[in-house]
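The values are calculated or read from the model by the stated rules, or taken from the named source; none is laboratory data. Computed from a prediction, not measured in an experiment: that's the story for all the values here. When we count neighbours, we look across all protein chains shown, and the Cβ atoms used for this are built from the backbone with ideal geometry, even at glycine.
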Amino acid sequence: GAVREGVLRHHVKMWDGSWRDSVYFSVLRDEWPKVRAGLEAWLIC
């Protein structure tokens, strides 16, 4: 699957004044066919 690359802490201020963290993931081009098949199978279920 995707690889967790990093976290941007307190990245976005929400409407209620709290802060949200954002987590970023990556998938390399040669990994994509396998990842895509897994996502499609998961969506069908």
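Among the residues of the chain, the ones that are under 10 Å from the mean Cα position of the chain (by Cα) and of a type in the set (S, T, N, Q) come to 2 in all. Under the condition of being of a type outside the set (D, E, K, R), at pLDDT 95 or above and touching a strand residue (DSSP E or B) at 6+ places or on another chain (Cβ under 9 Å), the residues counted in the chain number 15.
Each residue in segment 2-19 was checked for being within 27 Å of Trp42 (Cα to Cα) and either touching a helix residue (DSSP H, G or I) at 6+ places or on another chain (Cβ under 6 Å) or not in a loop (DSSP other than H, G, I, E, B) (or both), and 5 of them qualify.
Condition check: touching a His at 6+ places or on another chain (Cβ under 8 Å) and either in contact (Cβ under 8 Å) with a residue 12 or more places away in the chain or among the charged types (D, E, K, R) (or both). Does Asp21 satisfy that? Yes; evaluated as a whole, the condition is true for this residue. Residues of segment 20-45 that are surrounded by 10 or more Cβ atoms within 10 Å (Cβ to Cβ), in a helix (DSSP H, G or I) and of a type in the set (Phe, Trp, Tyr): Trp32 alone.
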